[in-house]
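Following: one structure in structure tokens, then a few remarks.
Read the figures in this text as sums done on the coordinates, not as results from a lab. Since this is a predicted model, take the numbers as computed values, not measurements. Cβ coordinates were reconstructed from backbone atoms using ideal geometry, including for glycine residues, and neighbour counts include every protein chain displayed.
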Amino acid sequence: MDTILVTGGAGFIGSCLVRQLVVAGDWNVVTLDLLTYAASQRTLDEVIGNPRHTFVQGDIADTDLVAKLLAQHQPRAIVHLAAESHVDRSIDGPRKFVETNIVGTFTLLGATLRHWQSLSQVDREKFRFVHVSTDEVFGALAAVGTFDEESPYRPNSPYAASKAASDHLVRAYHQTYGLPTILTNSSNNYGPYQHPEKLVPLMALNALDGRALPVYGSGHQVRDWLHVSDHTAALELIVRRGEIGETYCIGGDCERTNLEMIQSIADIADELQGRAANTSRERITHVADRPGHDWRYALDASKLRRELCWLPRVKLEEGLRETVAWYAEHRDWVEEVSRGFDRDQRLGLGSSGA
């Protein structure tokens, strides 16, 4: 049975992928995660103790550790998800994003290249390095059009810039050294186990608790929403059948304004709590916008659909209801991962750039 190394495998998207791969029974999985504030081993409860899963706490920037894991487990593929990912935090403190997303990816690539070069020709041909990135590297769209695999990079936040840099490094390691890499760029994910600093869980928890629902600016910014399980299904397909050196956009074809998303979450929370209609909508408040806030993202996933026969399966209304209900039912997990996180504290207004 082949092995996959998943970096960032105790985070939101990574843990969904790990659970998917292990439960399906087709892979042995090694999870490497530093367990920063946004990750928790609780996300992996479903697979802890499974003989096909190995958890290692460690840093992608630890060359010796990565080299040891690669030599010991001989993975057929690496899916690289480890990253700092919250735009607001990147505005307040971009250095950590440079260290993890750029330097960390650079270090991981170096260790991976040395391992790949040591393999037999047959194993070299089977090996894949799948780098998971974001639509934010492309910047902002106007009211019409979509991003695709040929879109130019125009990152506008420190987070997006750090991911863009890591994308370029991955592409360079393929072009320069022949490392068999594949790039992916996904739209906004939502679903269970997402850290409460992100829009959907933050609004879900605030609505469930009868708190204010802060909207940045007008709330008319548009995002393309994708359930995390549809994203990870695409990633597994790409590991199995994606073409080396290619990029795949993974989009949900499901555009909503931030305000529309918050209104939907508010309505679901009211229904779950047995409240009168529009109770939570009345708590929506508009606050100062995020600096450099991109107006619209939308991805064209037709290449992925055409070449790998992937389709998103979770409808937004169904997935959003499941997600809000999950947060209502998993307060112990929320409390554990939220230690030191204040839902009333506004992030993303920093101006130091340090």
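Rg over Rh for the stretch 234-354 works out to 1.03, using Cα positions for both radii and the Kirkwood form for Rh. Mean projection of the Cα convex hull over all viewing directions, computed for the stretch 137-193: 5.5 nm². With the helix formula -39500 (n - 2.57) applied to DSSP H stretches of n ≥ 4, the chain reaches a computed 222 nm mean residue ellipticity of -12000 deg cm²/dmol. Under 22 Å of direct C-alpha separation, and excluding same-chain neighbours fewer than eight residues apart, Lys68 reaches these lysines: Lys126. Counting 0.36 nm for each residue step from Arg42 to Glu99 and taking away their Cα separation leaves a gain of 18.0 nm. Legend: ranking of residues Val287, Val22, Val222 from fewest to most surrounding C-beta atoms inside 10 Å; resulting order Val287, Val222, Val22. The trypsin sites (Lys or Arg not before Pro) found in the stretch 138-198 include none that occupy coil by DSSP while having at most 14 further C-beta atoms within 10 Å.
What are the semi-axes of the equivalent ellipsoid for the stretch 1-101, taken as the square roots of 5 times the Cα gyration tensor eigenvalues, largest first, in whole Å? Can you show the working numbers first?
Working: eigenvalues 116, 49, 21 Å².
Equivalent ellipsoid semi-axes, largest first: 24, 16, 10 Å.
Taking the convex hull of the alpha carbon atoms in the stretch 106-242, what volume per residue do you get, in Å³? Walk me through the intermediate numbers first.
Numbers: hull volume 19.5 nm³, N = 137.
Spread over its residues, the Cα hull of the stretch 106-242 gives 142 Å³ apiece.
If you run the Gaussian network model on the chain, springs between alpha carbon atoms under 10 Å, then out of Gly217, Gly14, Gly191 the most flexible one is Gly217. Under a 5 Å amide H cut-off, with hydrogens placed 1.01 Å from N, Ile284 pairs with Leu213 among residues at least 5 apart or on other chains.
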